[in-house]
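K.L.:
My questions all concern the structure below.
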Amino acid sequence: MNHIPLSNIKALLLDLDDTLYAYPLCHQAGYEACKALAQDKYGIAGSEFEYAWKTGRNRVHQDLHGQGASHSRLLYVQKASENLFGKSNPQFALDIEETYWRVFLDTMVFNPGVETFLQEAKDKGIKMCIVTDLTAQIQMRKWLKLDLGRYIDFLVTSEEAGVEKPGAYMFELAMEKLGVKAEECAMIGDSEEKDVKGAEALGIKAYKV
Ligand SMILES: [Mg+2]
């Protein structure tokens, strides 16, 4: 991230997941903890849990495509519970979801160099907004875990915007909050499709990390 030029911009739009921290590590830790809980507390074999999670996730992706809630772990495991128990089991769903995010957040740390970069941008007076696909509550919990308020001014989630990246409204909402125009800001993210192409479609400079 440190190679990204900070001259001639007033604001930065930043993706969160897999840009500021390593998503796969956190996901894997959370997922393994859920598998262990399902086994120990509910007597569900690892392979059964994996199948139910995958099936639930795929159905939620399909039903809610393009919305923030399409990534909701709570909905994945609600559907997983219906697959595993033959009926809805909110106790199981809430239990697994809570464990997933607790372990996920415990594992979360900044990628190397990210804090130095954010500090440098802040020192230059550059305003920053997180632009992220997912529901507001968990993205706010991630914000608190990384203490992003030390650097970042605003948050835009796809739940709030009603569309996901690369949808224009995600970026427009961020620019509105920051009070800047497209040519005054730059976008940084890990996804070519969502972050880079989404921003470039509006004439925002974009950098893939
Ligand atoms: Mg990302």
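The values are calculated or read from the model by the stated rules, or taken from the named source; none is laboratory data. It should be emphasised that the depicted structure is a prediction, and the values quoted were computed from it without experimental measurement. Cβ coordinates were reconstructed from backbone atoms using ideal geometry, including for glycine residues, and neighbour counts include every protein chain displayed.
K.L.:
So S81 ticks every box in (1) out of contact with any Phe, Trp or Tyr (no Cβ under 8 Å at 6 or more places or on another chain); (2) of a type in the set (S, T, N, Q); (3) more than 16 Å from the ligand (Cβ to nearest atom) but one. Which box is left unticked?
P.N.:
Failing condition for S81: (1).
K.L.:
Can you name the residue in the range 162-209 that is within 21 Å of V114 (Cα to Cα) and among the charged types (D, E, K, R) and, of all such residues, is surrounded by the most Cβ atoms within 10 Å (Cβ to Cβ)?
P.N.:
By that ranking, first place goes to D195.
K.L.:
May I pose another question? Residues of the range 5-54 being within 16 Å of the ligand (Cβ to nearest atom) and among the β-branched types (V, I, T), which ones?
P.N.:
Listed by number, the list holds a single entry, T19.
K.L.:
Pull out all pairs, ordered by first then second residue, where Cβ-Cβ is under 8 Å, the residues are six or more apart or on different chains, the first lies in the range 129-141 and is closer than 27 Å to I9 by Cα and touching a residue at least 24 places away in the same chain (Cβ under 8 Å), and the second is in a strand (DSSP E or B) and away from the ligand (no atom under 16 Å from the Cβ).
P.N.:
Going by the 8 Å Cβ cut-off, the qualifying pairs are C129/A11; C129/F154; I130/F154.
K.L.:
Within the range 5-26, does at least one residue satisfy the condition of being within 25 Å of Q91 (Cβ to Cβ) and modelled with pLDDT of 95 or more?
P.N.:
Scanning the range 5-26, I find at least one residue that is within 25 Å of Q91 (Cβ to Cβ) and modelled with pLDDT of 95 or more, so the answer is yes.
K.L.:
Would you mind stating whether A168 is more than 15 Å from the ligand (Cβ to nearest atom) and either outside the structural domain of L75 (by TED's automatic domain parsing) or aliphatic (A, V, I, L, M) (or both)?
P.N.:
Yes, satisfied.
K.L.:
Being out of contact with any Pro (no Cβ under 7 Å at 6 or more places or on another chain) and within 12 Å of the ligand (Cβ to nearest atom) is the filter; apply it to the range 171-194 and report the residue that is nearest to K10 (Cα to Cα).
P.N.:
Among those residues, the one meeting the criterion is M187.
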